[in-house]
1. With 5 Å bins from zero, work out the P(r) of the range 140-235 over every alpha carbon pair and list the percent per bin.
2. Counting only other residues whose beta carbon sits under 11 Å from that of Glu285, what net charge do I get with K and R as +1, D and E as -1?
3. May I have the pair-distance distribution P(r) for the range 184-342, computed from all Cα-Cα distances with 10 Å bins from 0 and rounded to whole percent?
4. Go ahead and run the numbers for FRET between Lys72 and Arg256, Cβ-Cβ distance against an R0 of 41 Å, rounding to 0.05.
5. Within 10 Å of each residue's Cβ, count the other Cβ atoms and sort Phe246, Phe147, Phe193 from fewest upward.
6. Can you sort Val25, Val343, Val146 so the residue with the fewest Cβ neighbours within 10 Å comes first?
7. How big is the range 284-350 by Rg and Dmax over its Cα atoms, in Å?
8. Sort Thr318, Thr233, Thr226 so the one with the fewest other Cβ atoms within 10 Å of its own Cβ comes first.
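All of the numbers you see were taken from the coordinates with simple rules; none came from a lab. These numbers were taken from a predicted model, which means no experiment stands behind them. Note: ideal-geometry Cβ built from the backbone for every residue, glycine included; neighbour counts use all protein chains shown.
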Amino acid sequence: MNIFHRPFLPPYILDQLARSADAAVRQAAIDAIAMSAALRALRAALATMPIMAAIPSPTRAKERRIHDMNRKTFSLPGTIILREAEKKLVRDKAVREAYVHLGTTYDFYDRLFGRNSMDDNGMALIASVHFGRAYNNAFWNGEQMVFGDGDERIFLRFTRSLDVVAHELTHGVIAHASNLEYYGQPGALNEHFADVFGVLVKQWRFGHPVDAADWLIAAEIMGPKTKVKSIRTFKARKAYRDDPVFGTDPQPKHMRDIFEGVDDDGGVHINSGIPNHAFYRAALELGGKAWETLGPVWYKAMFRLRRRSDFREAARMTFDIAADEHGPRSGPAAAVRAGWKAVGLPVVPPRKKPGVGVK
């Protein structure tokens, strides 16, 4: 399993929508499910070669290219509409949003971590908008971003949400870092890191400290025919409960409730709620701006985890990084430890070596 062509909307949401009594909602979900199945071959082909999939920028600097698929689902990337540094008026909102959000995500990784695009080698940021008719999803296919316009009822155009764009581009970063296997707990960590940096990019862009951030995923794409405010939340509560369209959010927030089935690639979107909540609790414990202290810890962890790392290894790794960077009894280390403990993953600090601290 791998991350290529991994649609943003989890399968449990599309499956729920496919059972809707509303024929239009049902058909849009069925079309999105069918599209996911049709593109699995590309995902498999690119699984083991993320470097080969990277399309370099001619200048090895920020290079955005936005294309219009004009509602087609074949011949990606479509007609080029806007490229880096072009000074022309573009009225298409989806084109403008994709261009701006790709740039914001690039700037976040560049300014905070000195990373030059997803592969750290100037990979071009390519996006296609208006993919399919009323397509309820967005995805990263190993080479580029692809955005649907939504059905304008349950979902609006997917370019509206900065955290959706940053989430998908972070999958590209992960592919060039630990390339976490997309199944079970490693896959849930894959989704977790994408969610974490999705919300951090948004918090950084708007200057929101921990206590002012909404900690929601995809709030901007929710349409007028649903009362659901987002598809996921980092907080303890459910993102939605007993909704007539969406049902109940299945994400657990503690290890005692972990999903152990085979659906959703072994719960990659479902169980990501556990480490997501751990990060939120750590951020709440520490306070301030999450991207300044916890962000670098989680960024370094992405590169140190192995392909099949699980939650316990992630907990240990993030604590060790925080302890190395700030000290084992520092605020950041204590916050990371408290965050993982809150979700049932206690981290035991290493004992002092004999003689340490003795004069």
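1. 3, 13, 21, 22, 20, 15, 6, 1
2. +3
3. The calculated distribution, bin by bin, is 11, 40, 36, 12, 1.
4. 0.30
5. Details: Phe246 21, Phe147 31, Phe193 28.
Ordered from fewest to most neighbouring Cβ atoms within 10 Å, Phe246, Phe147, Phe193 come out as Phe246, Phe193, Phe147.
6. Going from sparsest to densest Cβ surroundings: Val25, Val343, Val146.
7. Rg then Dmax for the range 284-350, in Å: 11.0, 32.
8. Thr226, Thr233, Thr318
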